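Read the structure below first, then the notes.
Derivation of every value follows stated rules applied to the coordinates shown; laboratory data play no part. Note that the coordinates shown come from a computational prediction; the quantities given were computed from them, not determined experimentally. Cβ placement follows ideal geometry from the backbone for every residue including glycine, while neighbour counts extend to all protein chains displayed.
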Amino acid sequence: MSKKTLKEELQGLIEVIALSPNGVSTEELFTLLSGAIPKRTLQYRLSKLVKAEVLRNEGSGRSSKYYIRDTSEVISAPSRSSLIPLSPEAEEVKRLISFPPQLRQHVSYRREFLDSYKPNQTFYLSQSILEKLFKLGAGVERGRPAGTYARKIYQRLLIDLSWNSSRLEGNTYSLLETEKLLATGEGIPGKDRMETQMILNHKEAIQFLVEIAEEVEIQSYIILNIHGLLSYDLLADPKACGRLRTVPVKIGKSVYHPVEVPQLIEEYFQIIVQKAAAIKNPFEQSFFLMVHLPYLQPFLDVNKRVARLAGNIPFIRENLSPLSFVDVPESDYIQGLLAIYELNRIEFFRDVFVWAYERSASLYLATLEVLGEPDPFRISYRDLIRRAVCDVVRHKMNKMEAAQAIQKFAKENIVPPDQHRFIEIVEIEVRSLHQGNFARFHLRPSEFFEWQKNWQF
């Protein structure tokens with residue numbers, strides 16, 4: 001049996017003491033542990049946990065007992081469940097990252113974590129997960145111009161992604177307040193200006209990605225522009241917007257220390273972009289960006305927000321359901337990232353990502369069902385369909401004349417592969433005309449009724 005690490009030993013002590021709400025003495029602990037830890041070592045471990053403010057001790061000498069100081073600081077799989085179902089590997093990662101910062105080992109950026117990833121050879125997401133996500137996210141928009149899906153649900157996406165991404169940063173705007181802000185541009189009285197600006201910046205960044213959907217790729221300038229939009233009027237130094245950082249940064253409540261050398265930040269950022277661009281699977285590509293951009297911390301601030309929007313680029317481009325982080329608990333999201341920062345373990349964050357995508361995909365599927373599914377062919381040829389129908393009516397054609405005219409119109413205006421379908425649609429539209437629907441073709445009443453007389457013959 002392999003020897004336990006110090007961290008595992010301390011966690012074991014915490015869990016044993018947590019089972020004794022009335023406190024436990026050193027002698028009792030030694031007995032409970034069956035002498036697995038020498039008594040002098042045990043006393044040292046207990047002293048360390050007291051100094052770290054995980055335990056408190058009361059009494060003196062043999063009557064001294066140890067208690068859990070604040071059970072909310074001790075997070076173990078059995079004692080605190082997650083809204084998100086976690087795999088055994090993720091549960092283990094969560095346990096390891098749940099030690100108080102005082103008991104976690106300080107670590108710096110490990111380039112090996114990035115170098116070990118080989119696009120299309122290394123996979124953070126298993127094949128079964130990739131297939132599952134594709135089934136959830138793929139819709140009838142596959143094969144249509146890039147951005148079709150995002151544009152169809154644009155207003156819903158704008159609100160959901162702006163609100164949830166801001167919420168994960170501690171923003172206190174409610175969903176309805178966010179919706180009002182995005183509709184009017186006016187902040188809610190009493191809200192902090194920075195919170196208002198954060199949400200408005202999300203709107204600008206999302207608009208940017210959707211508007212350039214047909215040409216958006218994973219490129220350095222795209223990521224920099226996303227940061228420039230998301231960080232606008234939020235940084236003390238305006239010049240830092242859209243630029244890689246040149247100064248050190250710290251991660252709150254973490255023992256991780258990001259890279260400080262500007263040349264290395266630039267080098268690693270370019271490697272991340274190049275590797276991400278080479279990844280063929282959109283879900284793997286998205287997850288890779290959401291892992292490695294925050295891990296590098298390439299910007300002075302707003303790194304996680306940049307990663308969340310950059311991670312949506314593959315979905316917008318490929319007409320897959322976007323990821324808006326609906327219902328994702330902030331604590332799970334942050335702990336998943338902490339595990340990447342400090343342990344280079346992706347399992348916890350992977351489970352958060354998969355669950356989040358499932359929630360988003362189901363939401364937007366329901367949104368599409370409410371909106372209905374317009375025929376993309378009809379949308380593409382809408383103006384020409386209208387012209388063809390109007391020609392039939394305004395020239396007062398009968399059925400035989402109309403059939404010949406529609407065929408001629410199609411040959412002159414429609415590419416050969418689409419001519420048959422176009423003729424079929426126009427003929428259906430003409431046959432379906434009646435006094436209650438002719439206005440949608442911008443026909444005058446007199447034109448319709450005059451044509452209707454001829455059409456009967």
Taking the alpha-carbon centre of each part, the distance from the stretch 244-315 to the stretch 390-457 in Å is 56
If every Lys and Arg gets +1 and every Asp and Glu gets -1 at its Cβ, then about the Cα centre the chain yields a dipole, in debye to the nearest 20, of 340
Going by the alpha-carbon gyration tensor, a ≥ b ≥ c the square roots of its eigenvalues, is the stretch 143-279 rounded (a/c under 1.5) or, if a/c is not under 1.5, prolate (a/b greater than b/c) versus oblate?
-> oblate
Relative contact order (percent, whole number), the chain, Cα cutoff 8 Å, 6+ residue spacing = 16
Can you tell me the Rg and Dmax of the stretch 82-138, counting just the alpha carbons, in angstroms?
-> 15.8, 45
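Nearest 500 deg cm²/dmol is fine: what mean residue ellipticity at 222 nm does the chain get from its DSSP H runs of n ≥ 4 alone, each adding -39,500 (n - 2.57), divided by its residue count? Please report the intermediate quantities before stating the final value.
Values: 22 runs with 262 residues, N = 457.
The helix contribution divided over the chain gives -18000 deg cm²/dmol.
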Quick one: net charge of residue 62's neighbours, Cβ under 14 Å, K/R +1, D/E -1?
-> -1
Taking a cut-off of 29 Å between Cα atoms, list the lysines near residue 39, but don't count ones fewer than 8 places away on the same chain.
-> 3, 4, 7, 48, 51, 65
For q = 0.12, 0.13 Å⁻¹, Debye-computed log10 I/I(0) when each Cα of the stretch 6-73 counts as one equal scatterer | -0.25, -0.29
So for the chain, taking the charge dipole from beta-carbon charges (+1 Lys/Arg, -1 Asp/Glu), which of 449, 310, 26 sits furthest toward the positive end?
-> 26
The stretch 108-371 - Rg and Dmax from Cα coordinates, angstrom = 17.4, 52
Quick calc: nm separation of the 7 Å Cα→Cβ label points for residue 233 and residue 219 -> 2.8
Hey, quick one: spin label on residue 267, modelled 7 Å out along Cα-Cβ, who in the stretch 316-352 has an amide N within reach, i.e. under 13 Å?
-> none
Added length on full extension, which subtracts the Cα-Cα distance from 0.36 nm per residue, residue 365 to residue 394 = 6.3 nm
Once the dipole of the chain is set up with Lys and Arg at +1 and Asp and Glu at -1 on Cβ about the Cα centre, which of 252, 272, 61 lies farthest towards its positive end?
-> 61
Taking 0.36 nm per residue of separation and subtracting the Cα-Cα distance, what length does fully extending residue 26 through residue 204 add?
-> 58.1 nm
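Is the C-alpha gyration tensor of the stretch 89-204 telling us rounded, prolate or oblate? Criteria: a/c under 1.5 is rounded; beyond that, a/b larger than b/c is prolate, otherwise oblate. All intermediate terms of the calculation are to be shown ahead of the outcome.
Details: a/c = 2.48, a/b = 1.21, b/c = 2.04.
It is oblate, given that a/c is not under 1.5 and a/b is not larger than b/c.
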10 Å binning of all Cα-Cα separations within the stretch 376-455, expressed as whole percents from 0 upward | 19, 56, 24, 2
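Which order do the peptides 182-190, 167-175, 342-350 take when ranked by the mean count of other beta-carbon atoms within 10 Å per residue, highest first? Working shown, then result.
Details: 182-190: 11.3, 167-175: 15.3, 342-350: 21.8.
Packing order, densest peptide first, comes out as 342-350, 167-175, 182-190.
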Label-reachable residues, the stretch 132-175, where backbone N falls under 20 Å from a point 7 Å from residue 193's Cα toward its Cβ | 171-173
Return the ratio Rg/(2.2 N^0.38 Å) for the stretch 279-350, where Rg is computed over Cα atoms only.
-> 1.08
PRE reach from residue 33 (point 7 Å along Cα→Cβ): which of the stretch 91-131 fall under 17 Å by backbone N?
-> 103
Under the 7 Å Cα-to-Cβ spin-label approximation, residue 424 and residue 384 lie apart by a distance in nanometres of 1.6
So which aspartates and glutamates pass the test for residue 250, namely a Cα distance under 12 Å, with those fewer than 8 places away in the same chain ruled out?
-> 260, 301
What is the dipole size for the stretch 110-171, taken about its Cα centre, with +1 at each Lys and Arg Cβ and -1 at each Asp and Glu Cβ, in debye to the nearest 20?
-> 220
If amide H atoms are modeled at 1.01 Å from N in the peptide plane, then the residues at a separation of 5 or more from residue 55, or on another chain, having amide H under 5 Å from its own are 50, 69
Check cross-link reach from residue 132 to the lysines: straight Cα distance under 26 Å, and skip same-chain residues fewer than eight apart.
-> 94, 118, 152, 275, 280, 304
For q = 0.09, 0.13 Å⁻¹, Debye-computed log10 I/I(0) when each Cα of the chain counts as one equal scatterer | -0.74, -1.16
